[in-house]
Amino acid sequence: MTEKKSEKIFEIIDELSTDEIKSVVEQFKNELELREHAEKTAAVAEIKAIADKVGLIVTISDVNFLKRKAGAKVGTKAKIKYRNPVTGEEWSGRGLQPKWIINFIAEGKDMQDYLTDEFKMPKS
């Protein structure tokens, strides 16, 4: 980064509140993750193309890179969307449906009845 760009950035930062700086830092982290992922994806494609050209098979074993999806946040936990009123079991609504949800559906019950307050639609 040039010194001029750096000076401009710090001039802007000086005018921001602490919360605004935290928000900008988070946005920069997300942007950095996206760019790093794009660079790795391009590098993998380039490596595979070169290997293919000379008749080699290449396996990429960077597990962290392979699991990571662009834009996915690290460490964010899904909010609880459904709660079993009898047992207190909870489900975020992601992944496979737990047995208690499957059983309620099989009994003809509506999943909307088990939404947590945060996800319930206001009644008109």
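The values are calculated or read from the model by the stated rules, or taken from the named source; none is laboratory data. It should be emphasised that the depicted structure is a prediction, and the values quoted were computed from it without experimental measurement. Neighbour counts are summed over all protein chains in view; Cβ atoms, including those assigned to glycine, are modelled from backbone coordinates with ideal geometry.
Tallying residues that are in a loop (DSSP other than H, G, I, E, B) and in contact with a helix residue (DSSP H, G or I) (Cβ under 9 Å, 6 or more places away or on another chain) within the stretch 16-35 yields 1. The residue that is modelled with the lowest pLDDT, among those in the stretch 114-124 that are within 24 Å of the chain's Cα centre (by Cα) and part of a loop (DSSP other than H, G, I, E, B), is LYS120. Residues of the stretch 94-113 that are outside any helix (DSSP H, G or I), surrounded by 10 or more Cβ atoms within 10 Å (Cβ to Cβ) and over 28 Å from the mean Cα position of the chain (by Cα): LYS109 alone. Listed by first and then second residue, the pairs with beta-carbon distance under 9 Å, at least 6 apart or on different chains, first residue in the stretch 1-16 and in the same structural domain as PHE28 (by TED's automatic domain parsing), second surrounded by fewer than 10 Cβ atoms within 10 Å (Cβ to Cβ) and of a type in the set (A, V, I, L, M, F, W, C), are ILE9/MET1. Taken as a whole, the structure places ARG94 among residues that are modelled with pLDDT under 90 and on the phi < 0 side of the Ramachandran plot.
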